[in-house]
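Trainee: Just dropping this structure here.
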Amino acid sequence: MVRQHVNPLSRFHLVPRPLPAPPELFAAADLPLHLDIGCARGRFLLALAQQDPHRNHLGVEIRRPLVEAAEADRQAAGLTNLRFLFCNATISLQDWLGALPAGRLALVTIQFPDPWFKTKHRKRQVLQPPLLAVIAAALAPGRELFLQSDVLGAIEPMVSLVEASGCFERPAGDARPWRSDNPLALPTERETYVLNQGLPVYRVLFRRNEAAPPPPAASSPSPTASP
Ligand SMILES: C[S@@+](CC[C@H](N)C(=O)[O-])C[C@H]1O[C@@H](n2cnc3c(N)ncnc32)[C@H](O)[C@@H]1O
């Protein structure tokens, strides 16, 4: 059984997992890298990696059974520009992104992140200040961060965080507060489901500017009891 929601602040998920460096993941490690945070079952990336062979695609996901199933699909398809890794992105991506060669990271996507509605659960949201700081440090000027969700309460705090960093701008001409279309070639599974229900999707494309990245926050979140 795959749990619907995982508490990323449980003791187990707060332990950083060392993630393999690009040469251990991809056949051509020096290709530009697309990082998809919270990739779930991975079907979006499986299709995108075939359509977009000139980039490497890495999906990270906190539910291990989904990662195992996605990796099995990837191996069956014989794709060497795609990998899926099990980790708590909020915790484990910080060192990994910090060690990437300059200019390697081309695009970061966070699509339909789990919404946490209660104020006391805000720290469970995947995009926390330390993760945003390393994303901003790893993205060269002009590179992009794409956010989308069907839940305003999930995307608005992320947008506020990104805007407060001062490190990103929206492309000139993009509608505000929400972009009218998806700049990616393919929709995610959740996106397809939401659009088929006739529900709105809130999207923002951010482009890295020249500003210095914010310093990484010093404190880590404290664990909570539930797994
Ligand atoms: C609502 S699903 C959306 C999946 C996919 N992006 C889509 O649009 O179809 C959000 C995913 O993010 C994962 N997730 C939540 N918190 C995470 C974290 N801290 N690190 C990695 N993945 C996380 C969840 O397990 C879930 O699979």
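Trainee: Keeping to region 7-34, report how many residues are within 11 Å of the ligand (Cβ to nearest atom), under 16 Å from the mean Cα position of the chain (by Cα) and of a type in the set (A, V, I, L, M).
Mentor: 0
Trainee: Taking only region 67-115 into account, find how many residues are within 15 Å of the ligand (Cβ to nearest atom) and either in contact with a Cys (Cβ under 6 Å, 6 or more places away or on another chain) or part of a helix (DSSP H, G or I) (or both).
Mentor: Of the residues in that region, 15 qualify.
Trainee: Of the numbered conditions (1) within 15 Å of the ligand (Cβ to nearest atom); (2) free of Cβ contacts under 8 Å to residues at least 12 places away in the same chain, G42 satisfies every one except a single condition; which is it?
Mentor: (2)
Trainee: May I ask you to list the residues in region 39-83 that are buried (at least 21 other Cβ atoms within 10 Å of the Cβ), under 15 Å from Q111 (Cβ atoms) and not aliphatic (A, V, I, L, M)?
Mentor: Result: C39, G42, F44, H57, G59, E61.
Trainee: Can you confirm whether A140 is touching a residue at least 12 places away in the same chain (Cβ under 8 Å) and surrounded by fewer than 20 Cβ atoms within 10 Å (Cβ to Cβ)?
Mentor: Values: touching a residue at least 12 places away in the same chain (Cβ under 8 Å): yes; surrounded by fewer than 20 Cβ atoms within 10 Å (Cβ to Cβ): yes.
Yes; evaluated as a whole, the condition is true for this residue.
Trainee: What residue, of T192, T188, is under 17 Å from the mean Cα position of the chain (by Cα) and either near the ligand (Cβ under 9 Å from one of its atoms) or over 27 Å from H5 (Cα atoms) (or both)?
Mentor: Unique residue meeting the criteria: T188.
Trainee: Let me ask another. Look at region 88-127 and say how many of its residues are at positive phi and surrounded by fewer than 20 Cβ atoms within 10 Å (Cβ to Cβ).
Mentor: Of all residues in region 88-127, those at positive phi come to 103, 112.
Now restrict to residues that are surrounded by fewer than 20 Cβ atoms within 10 Å (Cβ to Cβ): 103.
So the count comes out to 1.
Trainee: Right, another one. How many of the residues making up region 50-77 are touching a strand residue (DSSP E or B) at 6+ places or on another chain (Cβ under 7 Å) and under 21 Å from P113 (Cβ atoms)?
Mentor: Applying the first criterion (touching a strand residue (DSSP E or B) at 6+ places or on another chain (Cβ under 7 Å)) to region 50-77 yields 55-61, 64, 67, 70-71, 74.
Filter once more, so that each one left must be under 21 Å from P113 (Cβ atoms): 57-61, 64, 67, 70.
Residues flagged as touching a strand residue (DSSP E or B) at 6+ places or on another chain (Cβ under 7 Å) and under 21 Å from P113 (Cβ atoms) within region 50-77 amount to 8.
Trainee: Can you give me the number of residues within region 177-212 that are surrounded by fewer than 14 Cβ atoms within 10 Å (Cβ to Cβ) and of a type in the set (D, E, K, R)?
Mentor: Selection size over region 177-212: 2.
Taken together, the values in this text are just the output of simple stated rules run on the coordinates, not laboratory data. All figures in this text were calculated on a predicted structure; none of them were measured in a lab. As a convention, Cβ positions derive from the backbone with ideal geometry for all residues, glycine included, and neighbour counts pool all protein chains shown.
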